[in-house]
Amino acid sequence: MVRWIAVLILLPVLASAQEAFQLPSGNIHCAVHDGILRCDVLNFTYPRPPRPRGCDQDHGGAIGMRARGAPVLICHGDTVADPAAPVLGYGQAWQGRGLSCTATPQGVRCVNADGRGFELARARLLIF
């Protein structure tokens, strides 16, 4: 019985230690840096959202979120895409501090501790 308790206590720590993942399609990649979860969709067909104020780089394919507050579109000249990142299989969930994401064949849904989040897919970007 003691062994099971130790395993159950360690599982959340091990899950939150994973700082990056990609979906099986390889089209969506997410990573955490300095407490910010960023997800990039490499190829998308949804209408490109308006350019963020002051943005003179690429936009529309990257979104970021902290454990509290609203997600924001990211003006970027880089990507978090890493073909060596572990694959988060469809139906599986990733957990970080105050952040969680679930992979589906349609894309990824991420939520923070405030219940704010986003759904990101090749054909859809929804911020809530």
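The values are calculated or read from the model by the stated rules, or taken from the named source; none is laboratory data. What you see is a predicted model, and the numbers here were worked out from it, not measured in a lab. Note that each Cβ is placed from the backbone with ideal geometry, even for glycine, and that neighbours are counted across all protein chains shown.
Summary of values
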read-out: Test result for Leu126, farther than 20 Å from Glu19 by Cβ and assigned to a strand (DSSP E or B); value: yes
read-out: When residues of segment 12-66 are limited to those that are under 19 Å from Asn112 (Cα atoms) and of a type in the set (S, T, N, Q), the one modelled with the highest pLDDT; value: Gln22
